[in-house]
Amino acid sequence: MKKKILLITLNLFVVLWGFSQIDKMRDQLDDASAEEEGMFTLRFFNAETGEPVPDATIIIQDFKTLTTDMEGKIRFEKQPDGVYPFRFEKEGFIPENNKYEVIAETIFRNRFTVTPVIEMGAIRIVLDWDKKPSDLDAHFVKEGDYHISYRDMAVSDDTSARLDRDDRDGFGPETITVKDIDENAEYTYYVKDFSNKDEKHSKSLSKSKAMVKVYGEGQLLNIWQLSEKQKGNAWMVFAIRNGKIVPTDEVKNYY
């Protein structure tokens, strides 16, 4: 009986994973087709669930205000190469100022993760990347206490930190929420390229368009984007010391 339940669970996982991959590929093809017709697309996803965010207001600076559809996307006329600031707003979500870049008449990154409101005193860390590598892993470590990641601990013993969402088929989001930061403790946050864990000279991680955002105090506190041409399978993003976020932003070999 146990083997039968395990087999059913495994089959369900494979089916859901397949649907997720198909959805992401469909989105890419749909957006590429829209670009050929002179339209750009931005898509917005929930950091907790990975699902599209409908009925959100997107204000593109000096351009126009649009509302996301049921697929969490907006479409608008193509713009010249450049960097374009925008603001995301939706009731129940943390408002966010961000930007997209147009390079060679194509949007460099058109998928953005946004987060529902979190309780005061908490922080939420969100990792996004491109379709490759398929499996990046977020790690949040409280020295001498816990290690939050898919392969270590999903929820800390005191339940103050948890992995909200894991992603193993590209794009993310991979999300960690910490309810309480101990000002007397030290924390580190880093990203591992599990897909290329045996390739110490790989540039796959640095080419992944990985982005890490930290939310807290009702706002987006920090944002890091990984630059290309770096060798290594781990990205040491930041530490927290004395309750303050300290950037490290270094690519190295970890495995």
Which of the residues that make up region 110-153 are over 29 Å from residue 184 (Cβ atoms), part of a strand (DSSP E or B) and of a type in the set (D, E, K, R)? 111, 128
In the same structural domain as residue 243 (by TED's automatic domain parsing) and modelled with pLDDT of 95 or more, is that true of residue 83? no
As an exercise: evaluate residue 70 against (1) out of contact with any Phe, Trp or Tyr (no Cβ under 8 Å at 6 or more places or on another chain); (2) assigned by TED's automatic domain parsing to the domain that holds residue 186 and give the number of the one condition it does not meet. (2)
Taking strands (runs of 3 or more DSSP E) that fall entirely within region 155-206, which contain at least 1 residues that are more than 19 Å from the chain's Cα centre (by Cα) and either within 16 Å of residue 234 (Cα to Cα) or not polar (S, T, N, Q) (or both)? 186-193
Just one of 215, 189 is out of contact with any Asp or Glu (no Cβ under 9 Å at 6 or more places or on another chain), within 23 Å of residue 98 (Cα to Cα) and surrounded by 20 or more Cβ atoms within 10 Å (Cβ to Cβ); which is it? 189
Residue satisfying all of: in region 69-104; in a strand (DSSP E or B) and over 21 Å from the mean Cα position of the chain (by Cα); farthest from residue 30 (Cα to Cα) among these: 82
Report yes if residue 119 is among the charged types (D, E, K, R) and at pLDDT 95 or above, otherwise no. no
Being over 13 Å from residue 134 (Cα atoms), at pLDDT below 85 and either assigned by TED's automatic domain parsing to the domain that holds residue 52 or touching a Phe, Trp or Tyr at 6+ places or on another chain (Cβ under 8 Å) (or both) is the filter here; which residues of region 171-199 pass it? 198
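The values are calculated or read from the model by the stated rules, or taken from the named source; none is laboratory data. Computed from a prediction, not measured in an experiment: that's the story for all the values here. Here Cβ is always computed from backbone atoms with ideal geometry, including for glycine, and neighbour counts include all displayed protein chains.
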